[in-house]
Amino acid sequence: MKRILLTGAVAFLLISWKPIPPIITIDGYTFRDLNGNGKLDRYEDERLSVDDRIDDLISKMTDDEKAGLLIGTGMPGFNGLTPVAGAIEGKVPGAAGGTCAIPRLGIPEVIVADGPAGLRIKPIRKDAKGTFYCTAFPVGTALASTWNTSLLEEVGKAMGQEVKEYGVDALLAPALNIMRNPLCGRNFEYYSEDPLIAGKMAVAIVNGVQSNGVGTSIKHYAANNQETNRLSINEHIDERTMREIYLRGFEIAVKESQPWTVMSSYNLINGTYTSARKDLLTDILRDEWGFKGMVMTDWFGGYAGFAALQGGTSNVVQQLSAGNDLLMPGLPAQKKAILDGMKDGSLPKEVVNTDLRRILTFVLRSPAMAKYAYSNHPDLKGHANITRRAAAEGMVLLKNDGQLLPYTNQTKEIATFGVTSYNFIAGGTGSGDVNEAYTVSLIDGLSNAGYKVDQELKKLYVPYVKHALYQDSLRRAKEGLLALPERMKEMNVDKALVDKKAASAALAIITIGRNSGEGGDRKVNEDFNLAADEVALIENVTAAFHAKGKKVVVILNIGGVIETASWKDKPDAILLSWQPGQEGGNSVADIFSGQVNPSGRLTMTFPVKYEETPSAKNWLGTPADNPTDVTYEEGIYVGYRYFNTKNIPVSYPFGFGGSYTTFAYSDLKVDKDKLTVAVTVKNTGRVAGKEVVQLYLAAPHNTIDKPAAELKAFAKTKVLKPGEREVLTLQLQTRDLASFIEAQQAWVAEPGKYTVKIGSSSLDIHQQADFTLDDALIVEKVHKAFEK
Ligand code: BGC
């Protein structure tokens, strides 16, 4: 035991001791002598191109160093998995991983950490003073619901500042998988059922984060749409569906923001792991889209399950040859397989060098390489303000009968029901979670804003919630790292108490909460559908308050779509707050009071019934008890592309969201040659507000079928004062007219009539205009991909 401790301490000292490379001047040129040989080596010469420097660096590396750099440093403390013994905790505790240092050449370890709602690191360190909390921003879905790319860029900038000031080099975000089905346990991390929204939001976050000089990793590339058997699920998807739906967002993100890295996903597509698919990682990502960065696997990607980690290797040669440069988090068995492959020639030198070149490009541009003196003091105060604003802007007003909201009565008490009112959910669990210093609950937010919250209810709810949280913490400790969240049952509030509150309070609020996380999908019963205790709460409270002529607001503090059709007529107002980050309660209060006029819009459809979801029939795959294969039978008809084309009534359509004011649309002008669309929006109500202008395009379908209309552009107005107007100009690309026609292996705009529809949701179109394309346009020919 003693020996182990001693070895551990020595190892720690060795790892943490990093000589500062001497600064030397030779012939008037000052440089860092990274290898300490007193000479100017080519790779140390920052006047040379990165490629030249890397050539020199690779030539100086031993095979062992090369193999070491192709895998990460391991994942310490990953619950009892023996193969990761020997993994090192990098310089930033709680970060997900890093690349290996080569101390003799002065190459540092480069640190990567999650995730989409903000940086995830350990907030408390044993031997360090102070704390290392990060800002919990709204989850991806909430961010996307703003439809405001400049706001997201601001959020990204703030996230990136935390990344940089805590000594991390790249953020493992954004996550932009398509919400194929409302039950996916990670939907809260993702943006939309629509690839344009997914792509544009990702662009904004990447640009914001990377403006700090740190990297991002857009993930999970591609089609990581379910958590059930995520390490081994084989997805059967046709090429058109891949290109139009599951890749399109990544394509936009790569072309418009050049993320430093891409993370391949866990799943297989048509029989091959995504991390081993050359068509995906090289032909499409690099040759077609021009990606310049590095690809890393998701953690243990390519292993069929955690059991397979015990000594086994992923197919490293196939992964590295496909263009997956870095294997994360890195396992000793993988290093051995790489060295064997290098020796017997099955892993060609060119492949090794190509992958190394991309990893080294990443390393050379990192703050670690520049020895950036991070402060461990990011601007947490400033970021709390940003997350508060972003969360409020992402909230969607689903219902507001009789203009109940904004609600300004601060003299009379509000009766606040529902356990989640007292335990607001900032974000989901797993790697998309953030270790924040605090979360503002709904009642705290309301109190901060000057509202009177009923104290009797508070006194009953607070201990109930505290006890339930304690019980839950015991369960989670037992289940370990990937323990999934469980719904907290509603406290029983008897009729007498509800009646009493209906008599004394001026208004009732009921909060319905949902949480989910990595490693598991949601269920239909008591998750998508409300549980009996929640239905009873809504029924009892609305009946009692309405009997007294008083109103009820429901707040949905959820990370994914739930059933609303059966109960939405009961409350007077419904505010979808999503999981709004650490300032959540304050953000809700901002909407509640009218400080902020809601301008969030749905980025997915709320169906009437789960069973009507297009992928409901084949969700998770077969065999049902332990799926190995899933066929995407619905093809491109995901979300509104299905509901709106087949005219299936929904509870809330894609793009929907209310406001405290009204807008009028006029003067639609379509310039067919420049592909610009201009429209005037006027605030016709009595308070200032922002509107989201959505452009849907209906295209001719001569040879293939197409959705009724697809979102092709959107823009958000500035804050328009009552009576104020703004002309918005939306730009289309020829590619936006095209669909992928497999028979031609190309994106083709078919000849015929195109209809531009401008709406405030996918079903609420205010202005439309047609134009005609006389001849077919082959917009882009591409590689054949996704064959079995
Ligand atoms: C998740 C990734 C995450 C990685 C590192 C994986 O389990 O799927 O999204 O970035 O872990 O924490």
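When +1 charges are put on Lys and Arg Cβ atoms and -1 charges on Asp and Glu Cβ atoms, the dipole computed for the chain relative to its Cα centre reaches about 1840 debye. Inter-part distance, segment 271-310 to segment 97-122, computed on C-alpha centroids, equals 20 Å. Once C-alpha pairs closer than 8 Å and six or more residues apart are averaged by separation and normalised to the residue number of segment 622-721, the relative contact order reads 23 percent.
Here the dipole of segment 175-238 is about 180 debye; that uses its Cα centre as origin and unit charges on the Cβ of Lys and Arg (positive) and Asp and Glu (negative). Which angle from 0 to 90°, rounded to the nearest 10, does the C-alpha axis of helix 532-547 make with the longest principal axis of the chain? So the inclination is approximately 40 degrees. For the chain, relative contact order (Cα pairs under 8 Å, six or more residues apart, normalised by length) works out to 13 percent.
Accessible surface for the chain, divided over its residues, is 38 Å² per residue with a 1.4 Å probe.
For segment 703-717, the residues whose amide N sits under 19 Å from a probe point set 7 Å from the Cα of Leu668 along the beta carbon direction are 707-717.
Got a sec? Which residues in segment 571-594 would a label at Asp764 touch, if it sits 7 Å along Cα→Cβ and we count backbone N under 20 Å? Once the point is set 7 Å along Cα→Cβ of Asp764, 571-578, 591-594 turn out to lie under 20 Å by backbone N, inside segment 571-594. The alpha carbon centroids of segment 715-788 and segment 459-517 are separated by 45 Å.
Let me know the number of lysine pairs in segment 409-508 closer than 14 Å at the Cα, not counting same-chain pairs under 8 apart.
On the way: Lys412/Lys452; Lys412/Lys501; Lys452/Lys501; Lys458/Lys466; Lys458/Lys501; Lys459/Lys501; Lys466/Lys489.
Number of lysine pairs found: 7.
Accessible area of the chain with a 1.4 Å probe: how many percent of it is carbon plus sulfur? Exposed carbon and sulfur together represent 53 percent of the surface. With the convex hull constructed from alpha-carbon coordinates only, segment 462-585 shows a mean projected area of 8.5 nm² over all directions. Considering the options Ile237, Val553, Ile338, tell which one lies farthest towards the positive end of the dipole of the chain, charges being +1 on Lys and Arg and -1 on Asp and Glu at the Cβ, about the Cα centre. In the chain, that residue is Val553. Computed over segment 206-319, the range of Cα coordinates on each principal axis works out to 40, 32, 26 Å, biggest value leading. Could you pull out which residues in segment 236-255 have an amide N less than 20 Å from a spot 7 Å beyond the Cα of Ile741, following the Cα-Cβ vector? Under cut-off, by backbone N: 238-245. Identify, among Ala223, Ile414, Leu57, the residue whose Cα sits farthest towards the positive end of the charge dipole of the chain, taking +1 on the Cβ of Lys and Arg and -1 on the Cβ of Asp and Glu, with the dipole about the Cα centre. With unit charges placed on the Cβ atoms, the residue in question is Ile414. Packing, taken as the mean count of other beta carbons within 10 Å per residue, orders the peptides 507-517, 249-259, 388-398 from highest to lowest as 388-398, 507-517, 249-259. Calculated FRET efficiency, Arg240 to Arg476, Cβ-Cβ distance, R0 = 45 Å: about 0.60 to the nearest 0.05.
Dividing the summed -39500 (n - 2.57) terms of all DSSP H runs of n ≥ 4 by the residue count of the chain sets its mean residue ellipticity at 222 nm at -8000 deg cm²/dmol. Going by alpha carbons, how many degrees (0 to 90, nearest 10) lie between the helix axis of 349-364 and the longest principal axis of the chain? Between the helix axis and the principal axis of the chain, the angle is about 60 degrees.
Using the Cβ-Cβ distance between Leu460 and Arg47 with R0 = 56 Å, the FRET efficiency computed as 1/(1 + (r/R0)^6) comes to roughly 0.20. On the beta carbon distance between Thr622 and Val782, with R0 = 45 Å, the FRET formula returns roughly 0.90. Peptides 592-605, 697-710 ordered by packing proxy, namely the average of other Cβ atoms within 10 Å per residue, highest first: 592-605, 697-710. If you sort Asp533, Asp51, Asp279 by accessible surface, 1.4 Å probe, largest first, the order is Asp51, Asp533, Asp279. Quick note on the chain: its Rg to Rh ratio, both from C-alpha atoms and Rh being the Kirkwood radius, is 0.98. Computed across segment 402-510, the Kirkwood radius stands at 15.7 Å (inverse of mean 1/r, all Cα pairs). Approximating the spin labels as points 7 Å out from Cα along Cα→Cβ, the Thr25-to-Asn702 distance works out to 7.1 nm. Of the peptides 430-437, 261-268, 215-222, the order by per-residue mean of other Cβ atoms within 10 Å, starting with the highest, comes out as 215-222, 261-268, 430-437. Measuring only protein heavy atoms, the 1.4 Å probe finds Lys570 accessible over about 60 Å². Which angle from 0 to 90°, rounded to the nearest 10, does the C-alpha axis of helix 50-60 make with the longest principal axis of the chain? Result, in degrees: 50. Its relative contact order, with pairs defined as Cα atoms under 8 Å and 6+ residues apart, puts segment 711-758 at 25 percent. In the chain, taking the dipole from charged Cβ atoms about the Cα centre, the farthest positive-side position among Tyr438, Val608, Leu247 is held by Tyr438.
The values are calculated or read from the model by the stated rules, or taken from the named source; none is laboratory data. Because the structure is predicted, anything quoted here is derived from the model rather than measured. In this analysis, Cβ positions are derived from the backbone assuming ideal geometry, glycine residues included, and neighbour counts consider all displayed protein chains. When the accessible area is computed, the model is the full protein with side chains, heavy atoms only, and any ligands, DNA or RNA have been set aside. Shrake-Rupley method; radii C 1.70, N 1.55, O 1.52, S 1.80 Å.
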